[in-house]
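Beneath this line is the structure, given in structure tokens, with notes to follow.
The values are calculated or read from the model by the stated rules, or taken from the named source; none is laboratory data. Note that the structure is a prediction, hence the values are computed from the model and not measured. Note: ideal-geometry Cβ built from the backbone for every residue, glycine included; neighbour counts use all protein chains shown. For the accessible areas, the whole protein counts, side chains as well, though only heavy atoms, and no ligand, DNA or RNA atoms are used. Shrake-Rupley method; radii C 1.70, N 1.55, O 1.52, S 1.80 Å.
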Amino acid sequence: MFDFLPTLLYGALVLGVLVFVHELGHFLVAKWLGVRVISFSIGMGPRLFGFRGGDTDYRISLLPLGGFVRMAGDNPEEERAGEKGEFLEQPWWGRALIVAAGPGANLVFAVLLFFALYTIGYSESDYRARVDRVAAGSTAERVGLRHGDAFVSWEGHPAATMGQLLDAVAGTLDAKAGPDPVPVVLDRSGARVSLSVPRKDVDTFPQGLQWDAGTTIGNVLIGLPAYSAGLRDGDQILEVNGKGVRNWNELASTVRGFPDRDVRFLVRRAEQTFTVTAHTTPDGYIGVSPVEQVTVQRSFPPAKAAQYALLKTGQTTLQIYGGLWSFVTNPVRLRTTVAGPIAIAQVASQQASGGFDRLVGFAAFISLALMAMNLLPIPILDGGHIFFAIVEGVRRKPLSLKTQLASQRVGLIVLVGLVIFSFYNDLSRVSQRKRAEEDISRRMTAPTSPDTAGGAAAH
């Protein structure tokens, strides 16, 4: 099903570090404002072990579900001494700062992780810029590109990989001046060939090309339709709903034509073929990526790395909130997209297998997701506490204790329900994956497998 020990270790590493950072944010700002901290816990429930430092019990708790910072006088239902070091004795803005510091720490930590990646360096999957098909009547056909041509350079810049080619083309489009036509060098069956692309046609040039990336799966993304259908890394997709596909462009565009639908795939694994059905996402994806052909190492000077880190953080945050909004507009997506600790641990292990840099990038994403979720204005979450504090600041008096407690009970019910739902989703995905793999294995080993016979004939 999945390697239990690596999954557990990497999941604990990612979630443990991020929860620690989150709670550290609360802790530091509380200390800065003079609030007495009673407990600093990683995990919930009964205390397993820890130590005391001053007034604070630093502890690891039994349930690996988040953590908490317990401050003096933070429970409105308990008697308070009215001391300055109590949480509820702080002004509304002080309480808002303490609560916002947790998500804020996750935001800052994500920026630092992205900055470290861009400064120290990270590996990036890339693909040979080799042409499979050239659309009739396209700019690419008019300038003389053919099937099998491999790019060498574009306007004097290296263009042997897709990333290099896209960067070079973008540079041409951004430049205010340059050679016209643009010189291009290709490798054609071992011989160097020079072509020219009119500068006015550079923006349309890529539109007529399909790339020779094949249809072999390089990576199945955990939790998405291909994972649930039992597909594996190394499987080759031959047909989509009966239509043959021979390169990744055709595969991707054909699948995108069937959004939120059951799609039947003819797949080759080793020397056998079989069919599977996967229900695509509303955007028309199944969660697979092509085989990595080239690994490119990238790094940037500190100033540029800081710029890219901030940009990446902003883009990722917008992506996360866009996903959360899609749950509001289409609640059905909750069933297929909400992931819990099991899925996070699985993906963390999968990313780590691709290199430590990928694990760091994933941790930055989860850190921002943790920030975004905690800032939702749901009572009991940080966002709910911030909302109550701001309302108090506007009204110049707090909401009634009855209102706050009732809201927090509702928030607790919602939160517990979401946790149970996420665990259920995780276990359902793992179970469905196991059933799908067993079904594929049974059909492939059956002496008279209709899939094997029919698939081989179709290919």
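All C-alpha pair distances within region 1-116, sorted into 5 Å bins from zero, spread as 2, 11, 18, 20, 19, 14, 8, 4, 2, 1, 0, 0 percent across the bins. The mean accessible area for residues of region 37-140, using a 1.4 Å probe and ignoring ligands and nucleic acids, is 50 Å² per residue. When a 1.4 Å probe is rolled over the protein heavy atoms, the share of accessible surface on the chain that falls to carbon and sulfur comes to 61 percent.
In the chain, a dipole from Cβ-located charges (positive for Lys and Arg, negative for Asp and Glu) runs towards its positive end, and of TRP211, SER299, ILE342 it is ILE342 whose Cα lies farthest in that direction. Summarised as an ellipsoid, region 116-272 has semi-axes of 32, 20, 15 Å, derived from the eigenvalues of the Cα gyration tensor scaled by 5 and square-rooted, with the largest first. Of the GluC sites (Glu not before Pro) found in region 224-299, those in coil by DSSP whose Cβ has at most 12 other Cβ atoms within 10 Å are GLU271. Dipole size of the chain about its Cα centre, with +1 on Lys/Arg Cβ and -1 on Asp/Glu Cβ: approximately 440 debye, rounded to the nearest 20.
When peptides 274-280, 392-398 are ranked by their average number of other Cβ atoms within 10 Å per residue, the highest-first order is 274-280, 392-398.
Give, as ranges by residue number, the residues of region 165-194 whose backbone N falls under 18 Å from the point 7 Å along Cα→Cβ of ALA150. Under 18 Å, as judged by backbone N against the label point of ALA150, lie 165-166, 184-194 of region 165-194.
Computed over region 150-194, the percent of Cα pairs more than 13 Å apart is 52.
Given R₀ = 30 Å, what would the calculated FRET efficiency be for LEU112 paired with ASN75, taking r from the Cβ atoms and rounding to 0.05? E(calc), rounded to 0.05, equals 0.35. Angle of helix 302-329 to the longest C-alpha principal axis of the chain, folded into 0 to 90 degrees and rounded to 10: 80°.
Quote the FRET efficiency, to the nearest 0.05, computed for VAL391 versus ARG246 with a Förster distance R0 of 60 Å and r equal to the Cβ-Cβ distance.
Given R0 = 60 Å and the Cβ-Cβ separation, E is 0.50.
Between the helical axis of 401-445 and the longest alpha-carbon principal axis of the chain there is an angle of about 30 degrees. For region 139-177, the set of trypsin sites (Lys or Arg not before Pro) satisfying both a DSSP loop assignment and a count of at most 15 other C-beta atoms within 10 Å is given as ARG146, LYS176.
For region 1-89, the relative contact order works out to 25 percent when only alpha carbon pairs closer than 8 Å and six or more residues apart are counted. Less than 5 angstrom separates the built amide H of VAL263 from those of ALA278, HIS279, THR280, all sequence-distant by 5 or more or on a different chain. Rounded to the nearest 500, the helix-only mean residue ellipticity at 222 nm of the chain stands at -16000 deg cm²/dmol, with each DSSP H run of n ≥ 4 adding -39,500 (n - 2.57).
So how far apart, in nm, are the two label points at LEU399 and GLU83 if each is 7 Å from Cα heading toward Cβ? Inter-label distance under the simple model: 2.9 nm. Among ALA96, GLY171, HIS22, flag the residue with its Cα farthest along the positive direction of the charge dipole of the chain, charges on Cβ as +1 for Lys/Arg and -1 for Asp/Glu. Projecting each Cα onto the dipole axis, the largest value belongs to ALA96.
How much net charge surrounds SER189 when only other residues with a Cβ under 10 Å from its Cβ are counted (Lys, Arg +1; Asp, Glu -1)? The partial results should precede the final answer.
Values: positive: ARG146, ARG188; negative: ASP149, ASP187.
For residues surrounding SER189, the net value is 0.
Can you tell me the dipole magnitude for region 222-360 around its Cα centre, using point charges on the Cβ only (Lys, Arg +1; Asp, Glu -1), in Debye to the nearest 20? Please list the in-between numbers first.
Details: 14 positive and 10 negative charges, 38 e Å.
So the magnitude is around 180 debye.
The GluC sites (Glu not before Pro) of region 31-113 that meet both conditions, a loop assignment by DSSP and at most 12 other Cβ atoms within 10 Å of the site Cβ, are GLU77, GLU78, GLU79, GLU83.
Note on LEU324 and ASP439: the model spin-label points, each 7 Å out from Cα along the C-beta direction, lie 3.5 nm apart. If you count Lys pairs in the chain whose Cα atoms are under 26 Å apart, skipping same-chain pairs closer than 8 places in sequence, the total is 7. Only Cα sites of the chain enter the Debye sum here, all with the same form factor; the resulting log10 I(q)/I(0) across q = 0.06, 0.07, 0.10, 0.12 1/Å is -0.37, -0.49, -0.90, -1.15, listed in q order. Taking R0 as 30 Å, what FRET efficiency do you get between LEU310 and PHE356 from their Cβ-Cβ distance, rounded to the nearest 0.05? With R0 = 30 Å, the Cβ-Cβ based efficiency is 0.85. One decimal place: the segment ARG409-PHE20 gains 137.5 nm when fully extended, by the rule 0.36 nm per residue minus the C-alpha distance.
Taken as Cα centroids, region 78-104 and region 365-441 sit 22 Å apart, rounded to the nearest whole angstrom. Reported to the nearest whole Å, the Cα centre-to-centre distance from region 268-288 to region 188-216 is 29.
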